[in-house]
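What follows is a single structure, written as structure tokens, with notes after it.
Where a number appears in this text, it was derived from the coordinates with a stated rule and is not lab data. In this text, all values refer to a predicted model and were calculated from it rather than measured experimentally. Backbone-built Cβ (ideal geometry, glycine too); neighbour counts: all protein chains shown.
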Amino acid sequence: MHTASNPNPAPFADVRVLIFDLDGTLIDSGVDLALSVNAALKEMGHAPLPHDQIFGYVGQGASRLIEQALGPGANREECEHALAFFLSYYREHMLDNTVTYPGVREGLAVLDGMPMAVLTNKPVGFSRQILEGLRLASYFRYIYGGNSFETKKPNPAGMGVLLRDFGAAPKQAMLVGDSEVDVQTARNAGTWCCCVTYGIGNAKLANYPPDLLVHSLTELAAHLDRQAAHPRRR
């Protein structure tokens, strides 16, 4: 595995497409997600959960997030009611505390010469609204969410669509994420994978090592073909 302290563009010289995860990679959304989950738990008569515990549930989509927060004793009707409340609450509060991680804007500006997309398990409507609200949407040609396809990451269906959208072979693409879900998605799609060390989903990366690990998105360009990654005035 390559690291930020050992930049070597050779292994990734053919990469010309970047596909980004959202939560934990581009945006620090943990507080708004945790507050929304706890609001749903209160609605259901449950005690709130520690934020760190909720952070561990993020990454597999809203339905799975709520199922894990409610616990194994919740039935289908309870899960559906809690999910509907969560989505309604989160829609109103998803930008209360959510910000970009340090280095994200600068890193995207340097990489702006490359075709880029977002593939997240968050509902696509929320994803677009957040990216637009944080003035990041213009960097990405495509934004796909957890309800854009019949399956979510780590199923490679979304990656396959993006590879076709960009006309790229698997080894011409790199998925940039923060969790084992992203590593598994890249492996299933046959693409490269880069993970950031600051994300909320990196607890299991030791067991799912990516091809590249960076501490900031500003470090990514050094590992790629510099002719394909260059700043553009915005």
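For the stretch 101-112, the Karplus equation 6.51 cos²θ - 1.76 cosθ + 1.60, evaluated at θ = phi - 60°, returns couplings of 5, x, x, 5, 4, 5, x, 5, 4, 5, 8, 5 Hz by residue, with Gly and Pro reported as x.
Positive end of the dipole of the stretch 128-229 (Cβ unit charges, origin at the Cα centre): among His215, Gly201, Ala169, the Cα lying farthest that way belongs to Ala169.
Helix check for the chain. Which DSSP H runs span at least 24 Å along their own axis by Cα, with a mean Kyte-Doolittle hydropathy no less than 0.5? Correct list, ordered by number: empty. Under 5 Å between amide hydrogens, built in the peptide plane, is the criterion, and for Val176 it picks out Ile19, Phe20, Asp21, Cys194 among residues at least 5 positions away or on other chains. Each principal axis of the stretch 30-93 carries a Cα extent, and these read 26, 23, 22 Å when sorted largest first. Over all orientations, the chain has a Cα convex hull whose mean projected area works out to 12.1 square nanometres.
In terms of overall dimensions, the stretch 142-234 has a Cα radius of gyration and Dmax of 13.6, 40 angstrom. Couplings 3J(HN,Hα) for the stretch 203-208, derived from phi with the Karplus relation 6.51 cos²θ - 1.76 cosθ + 1.60 (θ = phi - 60°), are 5, 9, 5, 4, 8, 10 Hz, where x marks Gly and Pro.
For the stretch 30-93, averaging the sequence separation of C-alpha pairs within contact (under 8 Å, six or more residues apart) and dividing by the residue count gives a relative contact order of 41 percent. Stretching the chain fully between Val124 and Lys204 yields a gain of 26.2 nm (0.36 nm per residue, less the alpha carbon separation). Extension gain, Arg164 to Asp14, is 52.3 nm, computed as 0.36 nm per intervening residue step minus the present C-alpha separation.
Summary of packing: across the peptides 204-211, 189-196, 41-48, the per-residue average of other C-beta atoms within 10 Å ranks them, highest first, as 189-196, 204-211, 41-48.
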